[in-house]
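Colleague: My questions all concern the structure below.
The values are calculated or read from the model by the stated rules, or taken from the named source; none is laboratory data. All figures in this text were calculated on a predicted structure; none of them were measured in a lab. Here the Cβ positions follow ideal geometry from the backbone for every residue, glycine too, while neighbour counts run over all protein chains shown. These area figures cover heavy atoms from the full protein model, side chains too; ligands, DNA and RNA do not enter into them. Shrake-Rupley method; radii C 1.70, N 1.55, O 1.52, S 1.80 Å.
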Amino acid sequence: CKEDFDPNYPADNIEYDGSRRILVAYFSQTGNTERLANQIVAATGADVYRIQPSEPYASNPYDDSGRIQNESYDDLRPGVANLPDNVEDYDVILVGSPIWWHNPAMVVCTFLESYDLSGKIIVPFFTYGSTEYLQQSIDKIHEVTPSSVHLRTYSGGSVEEWLRGIHIIQ
Ligand SMILES: Cc1cc2nc3c(=O)[nH]c(=O)nc-3n(C[C@H](O)[C@H](O)[C@H](O)COP(=O)(O)O)c2cc1C
């Protein structure tokens, strides 16, 4: 409906289409992003894929803070251990990440840049300590998927209401 219209995301006005194939692709180190991803899977019935870095992070990622800061600040692309070969079969990819040193985990960018996602609907979602770098993190996902259609990110509250608002579910 019109009240949902956000001028920053005109594509929010895409029609609902029940035939779209949906993938939830996420990276999570300490479980927060995974919990949000699972809520999105429950609401959409999407397939789910967890991005695994080739070189795992410390189970307490604060012990890897130097590496993570370097990857973010130097815009590096850490390897993905488990790149699926069917990502381009999906019409919608909801892509989740923690905010790590002011950006998405860079391994998420590696994942996205491994495919031709032109024309795909890409919906970023994040978990974070503060919203200060949320817009920058959204912008980073848009930057690495320049030919995709981008819908509004999750910003708290009901996951189902958000997904209805961007017409991914009815
Ligand atoms: C090394 C490191 C850097 C972080 N940097 C940020 C940041 O820049 N901004 C922020 O809001 N939260 C930051 N956080 C907090 C995480 O985004 C937050 O804990 C997130 O929910 C973790 O997701 P996960 O449990 O899925 O791994 C950082 C956490 C770690 C470990």
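Colleague: Any residue in region 18-29 that's touching a residue at least 12 places away in the same chain (Cβ under 8 Å) and within 11 Å of K120 (Cβ to Cβ): show its pairings with residues that are among the small types (G, A, S) and open to solvent by 20 Å² or more (accessible area, probe 1.4 Å) at Cβ separation under 6 Å, as long as the two are six or more apart or on different chains.
Modeller: none
Here is a yes/no grid of residues against (1) modelled with pLDDT of 95 or more; (2) loosely packed, with under 13 Cβ neighbours inside 10 Å; (3) polar (S, T, N, Q):
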| residue | (1), (2), (3) |
| --- | --- |
| K2 | no, yes, no |
| P7 | no, yes, no |
| T33 | yes, no, yes |
| S59 | yes, yes, yes |
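Colleague: Something else now. Would you confirm whether or not region 117-132 contains a residue that is in contact with a Pro (Cβ under 8 Å, 6 or more places away or on another chain) and open to solvent by 70 Å² or more (accessible area, probe 1.4 Å)?
Modeller: Residues of region 117-132 that are in contact with a Pro (Cβ under 8 Å, 6 or more places away or on another chain), as a first pass: 124, 126-128.
From what is left, the residues that are open to solvent by 70 Å² or more (accessible area, probe 1.4 Å) are 128.
Within region 117-132, one or more residues are in contact with a Pro (Cβ under 8 Å, 6 or more places away or on another chain) and open to solvent by 70 Å² or more (accessible area, probe 1.4 Å).
Colleague: Let me ask something else about it. Could you check how many residues of region 66-96 are surrounded by 13 or more Cβ atoms within 10 Å (Cβ to Cβ), among the polar types (S, T, N, Q) and within 18 Å of Q52 (Cα to Cα)?
Modeller: 1
Colleague: Cβ-Cβ below 8 Å, separation at least six or inter-chain, first residue in region 153-165 and at pLDDT below 95, second acidic (D, E): which pairs?
Modeller: As it stands, the answer is G165/D4; G165/D12, since those pairs meet every condition given.
Colleague: Right, something else. How about region 109-152: which of its residues are within 16 Å of the ligand (Cβ to nearest atom) and part of a loop (DSSP other than H, G, I, E, B)? Steps first, answer last, please.
Modeller: To start, the set of residues in region 109-152 that are within 16 Å of the ligand (Cβ to nearest atom) comprises 109, 111, 124-141.
Selection gives Y128, G129, S130.
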